[in-house]
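A.B. asks: Have a look at this one before I ask anything.
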Amino acid sequence: MRIGLITSEPSHPLLSLTTALLAPDHHVDVLDPRTPLPVSEPLADVYLLKARTPHALALARVLEQRRACVINSATATALCQDRTSMAALALSADLPFAATRTFTTLTRLASGPALSGPAVVKSRHSRRHDVVARVDSPSHLRDLAAAHPDEPVVVQDFAPNDGWDYKLWAIGDRLFAGLRRSELSPEGRGPTRALRLDDLPPGWPALVHRVGEVFSLDVYGVDIIDRGHGAPLIVDINAFPGIRGQSGAPKALAALALSRSNGADTDRLACRGAGDVGRSGRDRLVRQSPESGPAAEP
């Protein structure tokens, strides 16, 4: 069997360990989206889309047009990079996601009405080194806008919590969990602590699986904060995160790749379609674009 890795970092621990598990019996190809080459036949049985750059997404779409199986699909991956669309789909599906407003630029946000209280300001488009900051005063917001004047952003009211982010990851049906200081914490994030699934509040594992269904994701991360007494608030969803240091994650990814190959899985669709992003939520998104709906600011 042939497995393709769409990544510029094949040495990433999750991918390298997964490759080591697959390599004895299967052929693993690396497609670096920074230097795209014509994809020769035969296509791989399944591709793992670890990169999220425009070139990587374009490559994934070409493969999907040629009826290749790509995990996660380009459509689902791109959706998770747009925090406006992410929030709109999550809220339309009744997921406990933070209410989100969109502003065309940080300058526009800073020049408008004052925020009603502490807020979290994030870049609309999720990427490395994007803007994520807690804003407590107009002067703080002006300073942030001066540093990133043209950055499109989303705003979420700051939700009181215990200062910890619950990092939950899914690879197919397998779940993994960790606990890490919020990136908004004055002490900084620090290391991720291992967390047993049995230590999660009731209902949280089912919630993570529901996120995968709504967003049509097979490998993903869900960041949750506890608002008190186990009440979850989802603050971010990531397609194909690193899942570092989680025992069993490479084995789960190898098993998923083998099961999702075209025609290999008889219990469900072998591979999600390129446009298959949570039908019920997707239909609501079509009826109300996040650019024109109440989640957006002019």
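A.B. asks: Run Leu43 past the list (1) open to solvent by less than 40 Å² (accessible area, probe 1.4 Å); (2) more than 21 Å from Ile243 (Cα to Cα); (3) outside any loop (DSSP other than H, G, I, E, B); (4) not small (Gly, Ala, Ser) and report the number of the one that doesn't hold.
C.D. replies: (3)
A.B. asks: Within region 88-97, is there a residue that is within 21 Å of the chain's Cα centre (by Cα), within 21 Å of Asp130 (Cα to Cα) and assigned to a loop (DSSP other than H, G, I, E, B)?
C.D. replies: no
A.B. asks: Okay, moving on. Search region 216-250 for residues being of a type in the set (Ser, Thr, Tyr) and on the phi < 0 side of the Ramachandran plot, and hand back the single one that is farthest from the chain's Cα centre (by Cα). Steps first, please.
C.D. replies: Step one: list which residues in region 216-250 are of a type in the set (Ser, Thr, Tyr), which gives 216, 220, 247.
In the following step, the residues that additionally are on the phi < 0 side of the Ramachandran plot were identified as 220, 247.
Values: Tyr220: 6, Ser247: 21 Å.
Here the residue is Ser247.
A.B. asks: Can you confirm whether Leu115 is under 30 Å from Thr77 (Cα atoms) and crowded, with 16+ Cβ neighbours inside 10 Å? Reasoning before the result, please.
C.D. replies: Numbers: under 30 Å from Thr77 (Cα atoms): no; crowded, with 16+ Cβ neighbours inside 10 Å: yes.
Judged against the criteria, Leu115 is not a match.
A.B. asks: Here's a follow-up. Could you list, in sequence order, the residues of region 65-80 that are modelled with pLDDT of 95 or more and open to solvent by 20 Å² or more (accessible area, probe 1.4 Å)?
C.D. replies: Across region 65-80, the qualifying residues are Thr75, Ala78, Leu79.
A.B. asks: Looking for whichever is among the small types (Gly, Ala, Ser) and surrounded by fewer than 19 Cβ atoms within 10 Å (Cβ to Cβ) here; the options are Gly212, Gly203. Which one fits?
C.D. replies: Numbers: Gly212 fails: surrounded by fewer than 19 Cβ atoms within 10 Å (Cβ to Cβ).
On inspection, the qualifying residue turns out to be Gly203.
A.B. asks: Working only within region 118-130, note down all residues that are open to solvent by less than 60 Å² (accessible area, probe 1.4 Å) and outside any loop (DSSP other than H, G, I, E, B).
C.D. replies: Ala119, Val120, Val121, Lys122, Ser123
A.B. asks: To continue, here is another question. Could you check region 51-74 and list, in sequence order, the residues that are in contact with a Leu (Cβ under 9 Å, 6 or more places away or on another chain) and in a helix (DSSP H, G or I)? It would help to see each step written out before you state the result.
C.D. replies: So in region 51-74, the residues in contact with a Leu (Cβ under 9 Å, 6 or more places away or on another chain) come out as 51, 56-57, 59-60, 63, 66-74.
Selection gives Ala56, Leu57, Leu59, Ala60, Leu63, Ala74.
The values are calculated or read from the model by the stated rules, or taken from the named source; none is laboratory data. Not measured: the values here are computed from a predicted model. Ideal geometry is used to build each Cβ from the backbone, glycine not excepted, and the neighbour counts take in all protein chains shown. In case anyone asks, the SASA skips ligands and DNA or RNA and just uses the protein heavy atoms, side chains included. Shrake-Rupley method; radii C 1.70, N 1.55, O 1.52, S 1.80 Å.
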